[in-house]
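**Q** There's a structure below that I have some questions on.
The values are calculated or read from the model by the stated rules, or taken from the named source; none is laboratory data. Remember, it's a predicted structure, so these values are computed and weren't measured experimentally. Positions of Cβ are generated from backbone atoms using ideal geometry, with glycine treated the same way; all protein chains shown enter the neighbour counts. Accessible surface areas use protein heavy atoms only, side chains included; no ligands, DNA or RNA. Shrake-Rupley method; radii C 1.70, N 1.55, O 1.52, S 1.80 Å.
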Amino acid sequence: MIWHRCSLKLPSLFGPACCGREATTYDRARKAWLCPEHTKERLCEFCQLERAWVRFCYGEHDVMCEVWLCADCAGFR
C-alpha cells in the first residue's frame, strides 16, 4: 500500500514547510494530499481561491461524483 504525507504548506521559522502527517484525502483543487486535520481547509475546485463551503453531488454517466465549492461558485449569496 502506498502511504501519502500531507503536503499542505505551513509557516515555520525557515519558511513554508510541509505538514508531513499521514494523509487520507486528496484535494483536487490543491492537487495535494491532506491529513484529516487539514481536510477542513479544502479549496473550491472551481475557482481554487476560496475555502470550500459545500459538497455538491451529481451523477454523470451513471456514476455519482462530488465536488467541493465555495459559496459563490455554488450559487449561494
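**Q** Among the numbered criteria (1) part of a loop (DSSP other than H, G, I, E, B); (2) at pLDDT below 85, which one does CYS47 miss?
**A** (2)
**Q** With respect to GLY59, determine if the residue is without any contact (Cβ under 8 Å) to a residue 12 or more places away in the chain, open to solvent by less than 100 Å² (accessible area, probe 1.4 Å), among the small types (Gly, Ala, Ser) and on the phi > 0 side of the Ramachandran plot.
**A** No.
**Q** For ALA29, are the conditions met, namely being open to solvent by less than 90 Å² (accessible area, probe 1.4 Å) and modelled with pLDDT under 85?
**A** In short, yes.
**Q** Please enumerate the residues belonging to segment 1-38 that are of a type outside the set (Phe, Trp, Tyr), under 11 Å from the mean Cα position of the chain (by Cα) and in a strand (DSSP E or B).
**A** Listed by number, the residues that qualify are THR25, ASP27, ALA32, LEU34.
**Q** A further question on this structure: Does LYS9 count as exposed (fewer than 12 other Cβ atoms within 10 Å of the Cβ), basic (Lys, Arg) and modelled with pLDDT under 85?
**A** So LYS9 does not fit the description; no.
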